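I have placed the structure first, in the form of structure tokens, so that the comments after it can refer back to it.
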Amino acid sequence: MPAADASRAVPALEVVDLRKTYASGVQALKSVSLKVAQGDFFALLGPNGAGKSTLIGILSSLVNPTSGDARVFGLSIHADRGGVMRQIGLVPQEINFNQFETPFEICVNVAGFYGIPRTIARPRAEKYLKELRIWDKAFQPTRMMSGGMKRRLMIARAMMNEPRLLILDEPTAGVDIEIRRSMWHFITGINRAGTTVILTTHYLEEAEQLCRNIAIIDHGEIVEDTSMRRLLSKLDVQSFVLDVMGFDGTLPQIDGVKLVRLDDQTLEAEMPSTHDLNALFAALTAHGITVTSMRNKTNRLEELFVRLVERNGNGAAA
Ligand code: ADP
């Protein structure tokens, strides 16, 4: 294999039998193994307390694993912590910069930790602050910035070492839709340019739209590790909420459709994805029920996620 191909074959991230038991006795990770290919846009999803932050904390040297290894572009977190850190850009969940510093200072100073000279750091900070559309606030203390701007600054800061792997831990939590879109525009752009992206999010629809591959973690275990396409194709059931007129309180029996009354004006219909909707409407009409409007009950991935968690026996997880 030519050298270039061989280096391409090394995964951006390879997690091998990683375990973490906190001093409290909580087993946050139970033998987690995972591979993320170079160039991937990878979603790591899971309910609160699943172990996502612990995993990300281990990759970014904030948490010590109990056992196992993680390799970033072939470098082990045990053998070459510094090398791993140089490959990674981390956007943590909590805003954790000094609110009295300016965005420009924050970016240039973090570059200093990586030994990047100021002559390179300054134009680089300008480039990313402009791309993330916060350049007009670059020289004001960050405490004057809105929440969405602070989140974008966290991304600009994570780009200062031009990482090959960008890890974002719930980066859009609480951010309004317009700013969220502009963040995604930036991140998909750098992913297209070759940066591998790992994203944890509660916005499952977002993962569905953005990510090519997905792992679902629950109670410290990987319960699904597949491509987004394959995961979605597993979903063979769709649910609709129907606003209706003429419902007399008796639910009609319709082949292949599970019908539930939510109230006298609202029914819920669950059926295979292949089911003909016209047949549903015709059957309802035959029972004197008119559908005035309808909508998908849930996002498909959301539904699958709930089912996986239930299958794993953890239905109570929030
Ligand atoms: P997630 O990011 O998916 O919400 P976490 O990795 O934060 O999950 O948490 C996984 C489990 O580990 C949870 O039960 C959590 O309470 C526990 N945990 C996280 N951090 C610590 C810590 N520093 N000390 C003890 N337990 C912790």
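What follows is calculated from the coordinates using simple rules that are stated; it is not laboratory data. Predicted model only: the values in this text are computed from it and were never measured. Cβ coordinates were reconstructed from backbone atoms using ideal geometry, including for glycine residues, and neighbour counts include every protein chain displayed.
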In a shell of Cβ-Cβ distance under 12 Å around ASN191, excluding ASN191 itself, what net charge do Lys and Arg (+1) and Asp and Glu (-1) give?
+2
Lysine pair number, Cα distance threshold 13 Å (strictly under), the chain, separation 8 or more or different chains
4
Between VAL223 and residues 5 or more places away or on another chain, the pairs with built amide H atoms under 5 Å apart involve ILE216, ILE217, ASP218
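Looking only at Cα atoms, what is the convex hull volume of region 237-301 per residue, in Å³?
Enclosed volume per residue, from the Cα hull, is 73 Å³.
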Cα-based Rg/(2.2 N^0.38 Å) for region 147-207, rounded to two decimals, is 1.04
If you take the beta carbon distance between ARG81 and THR274 as r and set R0 to 41 Å, what does 1/(1 + (r/R0)^6) give as a FRET efficiency, to the nearest 0.05?
0.20
With r defined as the distance between the Cβ atoms of THR285 and ASP264 and R0 fixed at 22 Å, what FRET efficiency is calculated, to the nearest 0.05?
0.80
Two-site label geometry, ALA37 and PHE139: point separation in nm, points 7 Å out along Cα→Cβ:
4.7
May I have the convex hull volume per residue, in Å³, for the Cα set of region 1-119?
153
Residue-count net charge about CYS107 - beta-carbon cut-off 14 Å; Lys, Arg +1, Asp, Glu -1
+4
What does the charge count around SER146 come to, taking other residues whose C-beta lies under 15 Å from its C-beta (Lys +1, Arg +1, Asp -1, Glu -1)?
+4
Can you pull the three principal axis extents for the Cα set of region 3-229, in Å, largest first?
46, 39, 38
Calculate the length of the line joining the C-alpha centroid of region 56-99 to that of region 255-275, in whole Å.
47
Output the Kirkwood hydrodynamic radius of region 54-136, Cα pairs only, in Å rounded to one decimal.
14.5
